[in-house]
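Read through the structure below, which is laid out as C-alpha cells, and then see the notes.
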Amino acid sequence: MAVEVQWTPSDADHVAAARLIFGRALQRPRTWRMTAVIVLIYAGLAFLLSSDIASPILRSLCVILWMLVGVVVGSLCVAINYFLLPYSVKRLRRQDKFDRGAWQWRWTDTGIENHNSQSSVTIAWDQLLAWVAGKDSLLFYISEVKILFVATHALTRDQIDAIAALAESHGVKRW
C-alpha cells in the first residue's frame, strides 16, 4: 500500500525534527563514550595538578571535584545547545533558499520518494540506516548525518501505521 502526503514544512517543523535528531544523538553509545573520555581527561588533569597535595584524601577529593566539574560543564554545553537549537535552525532556514515550498512524499514497496520544486529523490528501503517515529516528526536516516523528515501533523494515524508497516516489512531498523 502506498502512502502519499504533501505539506509545506514550517520553521516549527524543522525545529521539531532537529530536536528529535539532537535527542537521538544523545542516546548513541558513542556520545556516552566521548562523555566518559572527557570526564577522565578532567580527572587526569586534576590528578596532575594536585600532585603537590600530600594528603591522599584531599588529592582524591580534588580529582572527584574536577570530574564533577567535567560533568557540569558538559551538561551545560548540552543544555545551551538544546536551548539555542531553534535559533540555529531558523537562521539556517533563512539562509537556505533550496527547500522552500511544498514537499511531496510517497512511501511504496520500492522505497521513499520525496519531491519539491528544486529536487526529486528516491531512496530504496535497503538504503536506509534506520527510521524514528517521534511525537512531531518521522525521521528517515540515510546515514547518521543525512536525514529526511516529515512532520507527523501532515499524516494521519493510519498513514503513520502504514509507513511503519512498510519499513518493518523491508527490514529497516526502528530506533
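Can you tell me the relative contact order of the chain? Whole percent, Cα pairs under 8 Å, sequence separation 6 or more.
27
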Helical mean residue ellipticity (222 nm; -39500 (n - 2.57) per DSSP H run of 4+; nearest 500) of the chain: -18000 deg cm²/dmol
DSSP H segments from the chain that extend 20 Å or more along their own axis, Cα-based, with Kyte-Doolittle mean of 0.5 or above: 29-49, 56-95
Portion, in percent, of the accessible area of segment 27-165 that falls on carbon or sulfur, probe 1.4 Å: 67
Paramagnetic reach from Ile64 in segment 30-50 [backbone N under 15 Å; point 7 Å along Cα→Cβ]: 43, 47
Entry for Kirkwood radius over Cα pairs in Å (calculated from the structure that is shown) out of (i) 17.5; (ii) 18.9; (iii) 18.2: (ii)
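The values are calculated or read from the model by the stated rules, or taken from the named source; none is laboratory data. Just so it is clear, the model here is predicted, and its values are computed rather than measured. Heads up, the Cβs are rebuilt from the backbone with ideal geometry, glycines too, and the neighbour counts pull from every protein chain shown. Please note that ligands, DNA and RNA were not included when accessible areas were found on the heavy atoms of the full protein model with its side chains. Shrake-Rupley method; radii C 1.70, N 1.55, O 1.52, S 1.80 Å.
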